[in-house]
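The values are calculated or read from the model by the stated rules, or taken from the named source; none is laboratory data. Quantities reported herein were computed from a predicted structural model and do not represent experimental measurements. For neighbour counting, all protein chains shown are included, and Cβ atoms are generated from backbone atoms with ideal geometry for every residue, glycine included.
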Amino acid sequence: MPRAILLLAALAVFCSAAPAVSRGEDRVAPARISEDDLNAFDQLMQDFLKEHQGVGGSLAVAKDGEIVYAKGFGMADVDAGEKVRAESRFRIASISKPITAAGVLLLVRDQKLTLDSKVVELLGLDCKDPRWSRITIRHLLQHSGGWDRDVSYDAMFRSVQIAESLGKTPPATAEQVIEYMSQQPLDFDPGQRYAYSNFGYCLLGRVIERLSKLDYETFTKQRVLAPMGIRRMQIGRTLPAHRAANEVRYYDDSAETRSSVFPPVGEQVPGPYGAWHLEAMDSHGAWIGSASEVCLFGAKLGELLRPEEIQHSFARPAQPLWSDPDQQKYFYGFGWLVRPVQHSNPVAPHNTWHTGSLPGTGTLLVRRWDGFSWAVLFNKRNSAINGERLTSLIDPKLHEVADQVKSRAAAP
């Protein structure tokens, strides 16, 4: 991760009993956060979106479980002249994974399964590759189940091919993707190494459904989000006709159209609206929400999960699961990237984060050891200037603002 794990440390001295964001508010100003501090974040976002034109974004910051800042910037819908507001909802893409991981840990608490339960047994799968029988819930959470999209492919984005191979009408459902993949060979032995896998989290969604006897969205709303006071997040829909209330429009980085996975299959459509089947991606990439809601999920995770569950979530894997030269500095836990930090707080000795990325979507959620969390959401993935990820570009700029706040706090 870039420098995002350091954002906003200095705001702690200003925050006290900050109110949560209510629906319709554009900005939150707790009494002990100065107007200059809020203006600095405003100016950063305004300058950033002016530089990267055609982008809408939203930023929310929390301290100790409460939102202290939230505001929308830029355009939610360019054609309609609709601006992004604090309550505007965005696709959050892979930030869905830590949400799913939390749900799995609640089922472990309920003694419905263990981290070493076998997914084949839980779902009653009949798999061609015998190595499937060794895949555990822990493997799926840590992206070490045996699928490597760089070696083979990402099954969640082969909707048409999978549906047609099964004699079904595209797009393939999550269940159909699993049926197909159960007959394909793994790319490596389970637990051998790390390889980011959307399909692994698709399986976790079906485990949640099988054991809870609820559909994934209902279970997650009831057990994960509602206890945090998050009541408006939902699974997004692919097609523009099903755009949710207050949901932004999404803008691909390329003006080129893509082949639709929906009938009529192959018809050229804007990428974010038919090039993949969002509904089948529920448990690994389909939630939508406002920046405040996403931020609150990170901020309140320690209230939802018990200390031992947090410890499991952020524990280093038993063996190095990836060959990244920076692996000793950070690793992937249960739905979160984790960076151990050295400080005097033994209860939360980590900074944790996750990003989300789809054509038309760029998102970042960060949890800090000192009680700060933040979420920044965009309705475009990459910069039109240099093709870099917008979340990566804004990250150091947010740190510059945080450093300014820290300097003011330390001034006599």
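Couple of notes before you dig in:
- Any hit, region 76-85, residues being in a strand (DSSP E or B), small (Gly, Ala, Ser), modelled with pLDDT under 95 and under 24 Å from the mean Cα position of the chain (by Cα): no
- Residue satisfying all of: in region 54-75; assigned to a loop (DSSP other than H, G, I, E, B) and modelled with pLDDT under 85; nearest to the chain's Cα centre (by Cα) among these: 64
- When residues of region 356-386 are limited to those that are hydrophobic (A, V, I, L, M, F, W, C) and part of a loop (DSSP other than H, G, I, E, B), the one surrounded by the fewest Cβ atoms within 10 Å (Cβ to Cβ): 385
- Qualifying residue in region 261-277 (condition: under 16 Å from residue 100 (Cβ atoms) and without any contact (Cβ under 8 Å) to a residue 60 or more places away in the chain): no
- Considering residues of region 163-207 that are touching a strand residue (DSSP E or B) at 6+ places or on another chain (Cβ under 9 Å) and of a type in the set (Ser, Thr, Tyr) only, the residue nearest to residue 152 (Cα to Cα): 196
- Residues of region 97-112 satisfying the condition of being over 23 Å from residue 352 (Cβ atoms) and either among the hydrophobic types (A, V, I, L, M, F, W, C) or touching a helix residue (DSSP H, G or I) at 6+ places or on another chain (Cβ under 6 Å) (or both): 112
- Region 300-318 - residue that is surrounded by fewer than 18 Cβ atoms within 10 Å (Cβ to Cβ) and among the small types (Gly, Ala, Ser) and, of those, nearest to residue 107 (Cα to Cα): 302
- Residue within region 391-398 that is under 25 Å from residue 249 (Cα atoms), crowded, with 21+ Cβ neighbours inside 10 Å, among the β-branched types (Val, Ile, Thr) and modelled with pLDDT under 90 present: yes
- Residue in region 169-177 that is surrounded by 21 or more Cβ atoms within 10 Å (Cβ to Cβ), within 23 Å of residue 336 (Cβ to Cβ) and in contact (Cβ under 8 Å) with a residue 12 or more places away in the chain present: yes
Residues are listed down the side, and each one gets a yes or a no for (1) in contact with a Gly (Cβ under 7 Å, 6 or more places away or on another chain); (2) crowded, with 18+ Cβ neighbours inside 10 Å; (3) not assigned by TED's automatic domain parsing to the domain that holds residue 173:
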residue	(1), (2), (3)
214	no, no, no
237	no, no, yes
261	yes, yes, yes
265	no, no, yes
268	no, no, yes
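- Test: residue in region 139-147 that is surrounded by fewer than 20 Cβ atoms within 10 Å (Cβ to Cβ), under 30 Å from residue 64 (Cα atoms) and in contact (Cβ under 8 Å) with a residue 60 or more places away in the chain: no
- Selection within region 80-128: residues that are among the hydroxyl-bearing types (Ser, Thr, Tyr) and under 30 Å from residue 246 (Cα atoms). The member of this set that is surrounded by the most Cβ atoms within 10 Å (Cβ to Cβ) is 96.
- Look at region 213-227: where a residue is polar (S, T, N, Q) and a partner is surrounded by 14 or more Cβ atoms within 10 Å (Cβ to Cβ), sitting 6+ places away or on another chain with Cβ atoms under 6 Å, you get 220/103.
- Listed by first and then second residue, the pairs with beta-carbon distance under 6 Å, at least 6 apart or on different chains, first residue in region 192-211 and polar (S, T, N, Q), second part of a helix (DSSP H, G or I) and modelled with pLDDT of 95 or more, are 198/156; 198/284.
- Condition broken by residue 183, with the remaining ones in (1) within 21 Å of residue 335 (Cα to Cα); (2) surrounded by fewer than 21 Cβ atoms within 10 Å (Cβ to Cβ); (3) in the same structural domain as residue 164 (by TED's automatic domain parsing); (4) in contact (Cβ under 8 Å) with a residue 40 or more places away in the chain satisfied: (1)
- Any chance residue 283 is in contact with a Cys (Cβ under 9 Å, 6 or more places away or on another chain), closer than 14 Å to residue 102 by Cβ and outside the structural domain of residue 357 (by TED's automatic domain parsing): yes
- The number of residues in region 240-253 that are surrounded by 12 or more Cβ atoms within 10 Å (Cβ to Cβ) and over 16 Å from residue 89 (Cβ atoms) comes to 2.
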